[in-house]
1. Being surrounded by 16 or more Cβ atoms within 10 Å (Cβ to Cβ) and within 30 Å of residue B:446 (Cβ to Cβ): is that true of residue A:153 here?
2. Taking residue A:237 as the residue in question, decide whether it is at the interface with another protein chain (Cβ under 10 Å from one of its Cβ atoms) and of a type in the set (A, V, I, L, M, F, W, C).
3. Take residue B:341 and decide whether it is in contact with a His (Cβ under 8 Å, 6 or more places away or on another chain) and not aromatic (Phe, Trp, Tyr).
4. Identify, from the list A:279, A:265, A:255, A:311, the residue that is in contact (Cβ under 8 Å) with a residue 60 or more places away in the chain and within 11 Å of chain B (Cβ to nearest Cβ).
5. Could you figure out which of (1) touching a residue at least 24 places away in the same chain (Cβ under 8 Å); (2) under 24 Å from residue A:257 (Cβ atoms) isn't true of residue B:68?
6. May I ask you to list the residues in segment B:214-240 that are under 23 Å from the mean Cα position of the chain (by Cα) and at pLDDT below 95?
7. Within segment A:104-141, take every residue that is of a type in the set (S, T, N, Q), farther than 30 Å from residue B:111 by Cβ and more than 9 Å from every other protein chain (Cβ to nearest Cβ) and give me the one that is surrounded by the most Cβ atoms within 10 Å (Cβ to Cβ).
8. I'd like to know if segment B:331-350 contains one or more residues that are closer than 30 Å to residue B:152 by Cα and basic (Lys, Arg).
Protein chains: 2
Amino acid sequence: MLTYSFDDRGGVPLYEYLYNQIKQDIISFKLSADEKLPSKRALAKNLNISIITVENAYSQLIAEGYIYSVPKSGFYVCDISSAKPMSADKPQRVTKPVTDKKKYVADFVNNSMSKDSFPFTVWSKIMREIMSDSSDKLMVRSPSAGVDELRNAIADYLYQFRGMNVEPEQIVVGAGTEYLYGLIIQLLGQDMKFGVEDPGYEKIARIYGANKVECVHIPLDEGGISIDKLEESGADVLHISPAHHFPTGFVTPISRRYELLSWASKSSKRYIIEDDYDSEFRFLGKPIPSLQSIDVLDKVIYINTFSKSLSSTIRISYMVLPKPLMEKYKKELSFYSCTVSNFDQYTLARFIDEGHLEKHINRMRNYYRTQRDTLLNCIKKQSSYNKVKISEEHAGLHFLMEIETKLSDTELKKKAQQAGVNIAFLSEYFYDKSNAKSHTVVINYSGLNQERIEEGIKVLFGLI
Amino acid sequence: MLTYSFDDRGGVPLYEYLYNQIKQDIISFKLSADEKLPSKRALAKNLNISIITVENAYSQLIAEGYIYSVPKSGFYVCDISSAKPMSADKPQRVTKPVTDKKKYVADFVNNSMSKDSFPFTVWSKIMREIMSDSSDKLMVRSPSAGVDELRNAIADYLYQFRGMNVEPEQIVVGAGTEYLYGLIIQLLGQDMKFGVEDPGYEKIARIYGANKVECVHIPLDEGGISIDKLEESGADVLHISPAHHFPTGFVTPISRRYELLSWASKSSKRYIIEDDYDSEFRFLGKPIPSLQSIDVLDKVIYINTFSKSLSSTIRISYMVLPKPLMEKYKKELSFYSCTVSNFDQYTLARFIDEGHLEKHINRMRNYYRTQRDTLLNCIKKQSSYNKVKISEEHAGLHFLMEIETKLSDTELKKKAQQAGVNIAFLSEYFYDKSNAKSHTVVINYSGLNQERIEEGIKVLFGLI
């Protein structure tokens, strides 16, 4: 008869302790396969515990497949071939400082946002309102493409601030543009060839790579994507940022825009993904109109994010699909759950509707303009100012600075880093290095610490 | 000389109005390609406006590519081949009732959560705390796999409530399990053959389908996935729910678990995805240990979600990767941004650390047990109770009800729907319909309205 002492069971319930003892005996082969166990009544009597305790232990062992019951006969041990005891150590917590990145005097590569910029108070107030007045809606599963309230708000926003006329039903909300790229691949097909800008934002090509779709790098000329090279490349889908190219800052002129649309019109497979990532931050004049707004042939997929305009703390992006593609999405991909929580969706919708997004963007535009002006003034005061040429400073959150120097980009970058200043060169963003333009620094200023700009610039200019 | 009246410009700034007038003249070919525009000074004088206004208008036209400037000569019209005016109608808002689904007396298919169940007050309190005491951390970009705080909290939780010993570094946080499946495909490779359970949760196969990876359906026997059929299928990666199969509710016994691990050990390509979607809701005894906890060969990818245990309002899921796969993730996929906002990550971490998740799950387990008991009691009171057999009622949020009936599943389903009761049959979850078991209803009760259970059951039993 099985006999166990319950002296060491600590705070574990009786049945669980018994279950564990029997399980250990089965795992260690003290009880062998098909061996009969005592009846519940007999074991209860032997251990001086209640029958219900034995019953619970046996039930758990049956559920997990350690024993089986034969009606009107009793309980038997299952055949366990090679069980191994699991380790019982408690996992170690990871504790790291908030950031373990190298601390620079100035980091002109980092494009994070200012820490003080997020409107916590308003956001939190709206969240509380949503929780108290819309808790019913919060518990209803979001449609795949996002809740109506947010899609309405985005359509209004695009109309007012980008002059775009899209229907809320064309909008798909998702947790970040990277996630939406993945959806686009699934929507258009894995066998499409995707073309990206060279130079460009490297991550886009990596995402196509990770999804195992063919991706070609297409060189730019002074008007943006070169149409000849585009035709040569055999790309089906072109991924571009016509309003503000990264990192050169070029705006694709209207004539080239029509050429691109004309290229797209030549095959039913062809599409253009318009990545409008920082169109809100233009310091001179109005925002550049989107390519989507002059597309009458349903060839442009417009994509944008609130992670840039609002905060990277928020992970909400969206795309505007041409109507026929939206129909395809509904048929083929709308089984996916929306990746943005209802909380965030409803909060953002109200945040936009009540005008807070507009205010926030205006405030941030001023903030970044000041950042940029401080930086430019600082640069102008340097004695070797005549050795640099600034360009593309009127939009986005970075500009270019061409330097007269005998040092190679790699040498200068290394020297700067050793002196405590992090910089990136335009040449680093080229896939085809033979086209790369040297001696041009890409200066990101969105995340700069205002108090250390002067120091950083002095250090940098001391090297050139 | 260009002449425009400013009488109708309304509230538009002067420069923007002028820019629009000139742009319209270019688009409508009133101004032709390469035509010279008046100098800034001359146009300003002619229109009786300031030079700076003309300058701003010309700058915008240059930025958008409508005109170009030739140094020391002047401004010229670009060649615009086929511009089309954009429509200026404001987009229509979509307004729909909160839900446009058919209203049933009782819906036994719907598996949404109770509307009153989400701990809004605590969640909101923690969010406010996070905003006020951690706003710095909120603005720092999350590591790709999630912030340390949340990964620590999840590791602790898995240790305490699932007896699993995983390191926080093995955890990847993402916006929903569906998103994580996509990452797994990218991690293991598009050329792998994925095996899913038949019957099973249809969405999983659809996700593999949408990602264009080969997916085979593997039949179950009484012990779960049939090893013979698994070998026959040629699957490399097996996607299963060993703790509680959907929809049959079967638990994979320990012997079969070892057979599955043994199958996985036979090739370096082979992996098992353990989908532990509702392991928290077991009403009898302890939770079933995970397959991951007996895997010593790094073959099991464990995946779970808080959308089920906490609320579908929250979109946070996670997976535990075997250490070598985590290394691969870091190398190949950690360029991806985390899809869950920092807000939600830090809030959930604190929610778990302070014990609220445990309390919430205990409360929900009781709530669902009551739901289930009400439902079962109701069923027992029906006069045709002897015609049904209930099984698998001890875990998860659904059970099976076999019905003695001469009607086909399709007929009975239709009759029930006409009478206002929505039901789904086990047979609907079979891919290979020739294996399908008839006359068994899958009764989901998580989202049932308690007050209408009795009415719904009466209607249903009136039909059988």
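1. Numbers: surrounded by 16 or more Cβ atoms within 10 Å (Cβ to Cβ): yes; within 30 Å of residue B:446 (Cβ to Cβ): no.
No, not satisfied.
2. no
3. Numbers: in contact with a His (Cβ under 8 Å, 6 or more places away or on another chain): no; not aromatic (Phe, Trp, Tyr): yes.
Considered against the rule, which asks whether it is in contact with a His (Cβ under 8 Å, 6 or more places away or on another chain) and not aromatic (Phe, Trp, Tyr), residue B:341 comes out as no.
4. Being in contact (Cβ under 8 Å) with a residue 60 or more places away in the chain and within 11 Å of chain B (Cβ to nearest Cβ) holds for just one of A:279, A:265, A:255, A:311, which is A:311.
5. The failed condition is (1).
6. Residues of segment B:214-240 that are under 23 Å from the mean Cα position of the chain (by Cα), as a first pass: B:214-217, B:237-240.
Residues satisfying the conditions do not exist here.
7. A:111
8. Looking through segment B:331-350, at least one residue is closer than 30 Å to residue B:152 by Cα and basic (Lys, Arg).
The values are calculated or read from the model by the stated rules, or taken from the named source; none is laboratory data. The shown structure was predicted, so the numbers you read here are calculated from the model rather than taken from an experiment. Ideal geometry is used to build each Cβ from the backbone, glycine not excepted, and the neighbour counts take in all protein chains shown.
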